[in-house]
1. For C86, C7, which order do you get if you count the other beta carbons within 10 Å of each Cβ and list the fewest first?
2. So what are the ³J(HN,Hα) numbers for the range 10-25, from phi and the Karplus equation (6.51, -1.76, 1.60; θ = phi - 60°), rounded to whole Hz, Gly and Pro as x?
3. List the residues whose amide H sits under 5 Å from the amide H of V40, counting only those 5 or more places along or on another chain, with H placed 1.01 Å from N in the peptide plane.
4. Can you tell me which of G131, G11, G112 moves the most in a GNM of the chain? Springs connect C-alpha atoms under 10 Å apart.
5. With springs only between Cα atoms under 10 Å, which of G70, G61, G26 fluctuates most in a Gaussian network model of the chain?
6. With each pseudo-label sitting 7 Å past Cα toward Cβ, what's the R57-S36 distance in nm, one decimal?
7. Using the beta-carbon distance between R132 and R16 and R0 = 22 Å, what value does 1/(1 + (r/R0)^6) give for FRET efficiency, to the nearest 0.05?
8. Report the far tail of the P(r) of the chain, meaning the percent of Cα-Cα pairs longer than 28 Å.
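Derivation of every value follows stated rules applied to the coordinates shown; laboratory data play no part. Bear in mind the structure is a predicted one, so any value in this text is a computation, not a measurement. No Cβ is skipped: glycine too gets one built from the backbone with ideal geometry, and neighbour counts run over all protein chains shown.
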Amino acid sequence: MHIAIGCDHGGIALKREIIAFLSNHGHLVNDVGCHSEDSVDYPDFANQVCAEILAGRSDAGILICGTGIGMSMAANRHRHIRAALCHEAFTARMSREHNNANVLCLGGRVLGVSLALDIVGIWVETAFTGGRHQRRIALMG
Ligand code: RB5
């Protein structure tokens with residue numbers, strides 16, 4: 001899978017772990033930044049990841065800020081982006097099965113590394129169920 005990934009300064013440590021994890025599992029990762037601990041503005045990176053998906057250059061995106069909240073707000077302003085903020089495995093799986101989420105948002109100051117990687121692994125491996133869930137997604141426009 002081609003995955004675009006972005007973060008702000010609150011998510012950069014976790015982003016490094018996730019990139020290594022995804023690469024080790026055979027995924028192609030496009031890191032749009034940020035690339036240092038300097039303070040940056042999370043919408044800039046959310047917008048870049050969403051642009052990659054909407055242009056068809058990436059199949060999915062992962063966004064990490066301190067809480068994941070700002071990234072999810074910014075990403076969900078884009079039409080056809082369905083960003084899910086997940087703190088545990090069940091919602092990560094359901095966000096794929098029922099919501100066909102195409103962006104996963106995580107809180108770098110919320111999650112430990114092993115839980116975050118567990119969430120990422122489940123999210124990238126879980127397929128959309130379709131059926132009645134497709135109708136509901138279509139209703140979102
Ligand atoms: C940055 O300090 C912090 O506000 C940001 O990482 C994120 O948590 C916003 O939602």
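1. C86, C7
2. Values per residue, Gly and Pro as x: x, x, 5, 5, 5, 4, 4, 5, 5, 4, 4, 4, 5, 5, 5, 9 Hz.
3. Amide H neighbours of V40: H9.
4. Evaluated over the chain, the most mobile residue of the options is G131.
5. Comparing G70, G61, G26 in the GNM, the peak value goes to G26.
6. So the two model labels end up 2.3 nm from each other.
7. 0.05
8. 9
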